[in-house]
1. What pairs come up if the first residue lies in region 85-106 and is closer than 9 Å to residue 144 by Cβ, the second is hydroxyl-bearing (Ser, Thr, Tyr) and open to solvent by less than 50 Å² (accessible area, probe 1.4 Å), and their beta carbons are under 6 Å apart, counting only those six or more places apart or on different chains?
2. Check region 41-58 and report whether any residue there is in a loop (DSSP other than H, G, I, E, B) and free of Cβ contacts under 8 Å to residues at least 60 places away in the same chain.
3. Of the numbered conditions (1) modelled with pLDDT of 90 or more; (2) of a type in the set (A, V, I, L, M); (3) surrounded by fewer than 12 Cβ atoms within 10 Å (Cβ to Cβ), residue 201 fails exactly one; give the number of that condition.
4. Go through region 144-156 and report how many residues are free of Cβ contacts under 8 Å to residues at least 60 places away in the same chain and assigned to a helix (DSSP H, G or I).
5. Specify the residue that is nearest to residue 60 (Cα to Cα); the eligible residues are those in region 76-103 that are open to solvent by less than 60 Å² (accessible area, probe 1.4 Å) and either charged (D, E, K, R) or part of a loop (DSSP other than H, G, I, E, B) (or both).
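The values are calculated or read from the model by the stated rules, or taken from the named source; none is laboratory data. None of the values given here were measured: they were computed from a predicted structure. Virtual Cβ from ideal backbone geometry, glycine too; neighbours counted across all protein chains shown. For accessibility, only protein heavy atoms count, side chains too; no ligands or nucleic acids. Shrake-Rupley method; radii C 1.70, N 1.55, O 1.52, S 1.80 Å.
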Amino acid sequence: RGDKWPVGRTISFALGISAIDFATSGGLGVYAHFAFSWHMVAHMVLGMIAPIGIVLGAPITLALRTLPQSRDGIERGVRGLLITALHSRYSRIITNPVVALAIFDGSLFALYFTSLFGGMMQSHQGHLFMNIHFILAGFLFFHVIIGVDPNPRKYPHIVRIVILFGAMSLHAFFSIALMSESTLIDGGYYGSLKTSWLPDLLHDQSMGGTIGWSMGEIPILLALI
């Protein structure tokens, strides 16, 4: 209808999608299958870097502006489903900052400190589901914190800042716990590959914790700014 769309949002969204492509289908995506440290790099890209670009691209706002509107005032089709979802009770629950934080950081402990991680790495479907979860959890968290798309409720800046500091603390605790592990958490997956250039799997796992700590703090600081 002649509306203009900010170039910055298009660039931001394109960078987010490019990061996802590289972390899943590029060289990084390949190495993530063979070494835990590279898996953690891909995880940070999918869960913390790419979502920032996508959120700042305002995809929900773009969809609401471009999808066909009903002439009789009753929204139907994809646009109607999107509006219904935005105003649903479920949406109000998951966009609560505390709930978004629990999904964002709580899933780290549920995945890596149980048998889930080793089981999911054994199959393509499991690995795909894990990547999709990283993206969606990251999108939800940063949508609540710095999103420009419509939200069921807008929370004060101070609340979002406190949630960001909580995310930093939990992420640091997770990384330290991972670095302190004396046993492998992958259920024997990486060992079964017998990768010749990776002789010390426990050291590589510890390095993954270090990478998770260092790479995870930067996006959160950027979101804080």
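1. 97/155
2. yes
3. (3)
4. Matching residues across region 144-156 total 1.
5. Checking each candidate, the answer is 79.
Residues are listed down the side, and each one gets a yes or a no for (1) of a type in the set (A, V, I, L, M); (2) in contact (Cβ under 8 Å) with a residue 12 or more places away in the chain; (3) part of a loop (DSSP other than H, G, I, E, B):
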{"position": "130", "(1), (2), (3)": "yes, yes, no"}
{"position": "137", "(1), (2), (3)": "yes, yes, no"}
{"position": "158", "(1), (2), (3)": "yes, no, no"}
{"position": "170", "(1), (2), (3)": "yes, yes, no"}
{"position": "176", "(1), (2), (3)": "yes, yes, no"}
{"position": "179", "(1), (2), (3)": "yes, yes, no"}
{"position": "185", "(1), (2), (3)": "yes, yes, yes"}
{"position": "196", "(1), (2), (3)": "no, no, yes"}
